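These notes are about the structure you will find just below.
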Amino acid sequence: MRNSSYTHWACFDCRKSFAKEESATPRKCPECTKPMIDMGAYFEPPRKLNVKRWAVMKLLADNGYKFNTKDSRIYIQNRILQAKNPRVADVIERIELEKQRNLDSN
Ligand SMILES: [Zn+2]
């Protein structure tokens, strides 16, 4: 039985996250009505004013990284973010490295 039907839906335009039930179709942002992105139950939304952190989270989302489990959160922190407050350019570089590594191992 699943016990984590709630997840964090993020709106990158409003830089807000809403805890709502999972859904096959994207939920709409209550503020701007654009479709939100399911970032996973273990997503920790940055503060609204932390624009850089939101940009990093958007990068993760665009590349398919989600915080669905505790393990995925640890993986993203250790392999992709690494620093507490990583630079966007560093995160882009590490995402590319991870892609290469995954290609090499296939
Ligand atoms: Zn919005």
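Each value in this text was obtained by applying a stated rule to the coordinates, not by laboratory testing. Since this is a predicted model, take the numbers as computed values, not measurements. All Cβ positions, even for glycine, are placed from backbone atoms using ideal geometry, and neighbour counts span all protein chains on display.
Residues in the stretch 47-106 that are in a loop (DSSP other than H, G, I, E, B) and among the small types (Gly, Ala, Ser): 2 in all.
When Ala24 is tested against the conditions (1) touching a residue at least 12 places away in the same chain (Cβ under 8 Å); (2) surrounded by fewer than 20 Cβ atoms within 10 Å (Cβ to Cβ); (3) in a loop (DSSP other than H, G, I, E, B), the lone failure is (1).
Okay, residues lined up against (1) under 10 Å from the mean Cα position of the chain (by Cα); (2) surrounded by 13 or more Cβ atoms within 10 Å (Cβ to Cβ); (3) more than 16 Å from the ligand (Cβ to nearest atom):
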| site | (1), (2), (3) |
| --- | --- |
| Ala10 | yes, yes, no |
| Lys28 | no, yes, no |
| Met39 | yes, yes, no |
| Phe43 | yes, yes, no |
| Tyr65 | yes, yes, yes |
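Listed residues Cys14, Cys32; which is surrounded by 13 or more Cβ atoms within 10 Å (Cβ to Cβ), part of a loop (DSSP other than H, G, I, E, B) and within 11 Å of the ligand (Cβ to nearest atom)? Testing whether each residue is surrounded by 13 or more Cβ atoms within 10 Å (Cβ to Cβ), part of a loop (DSSP other than H, G, I, E, B) and within 11 Å of the ligand (Cβ to nearest atom) leaves just Cys14.
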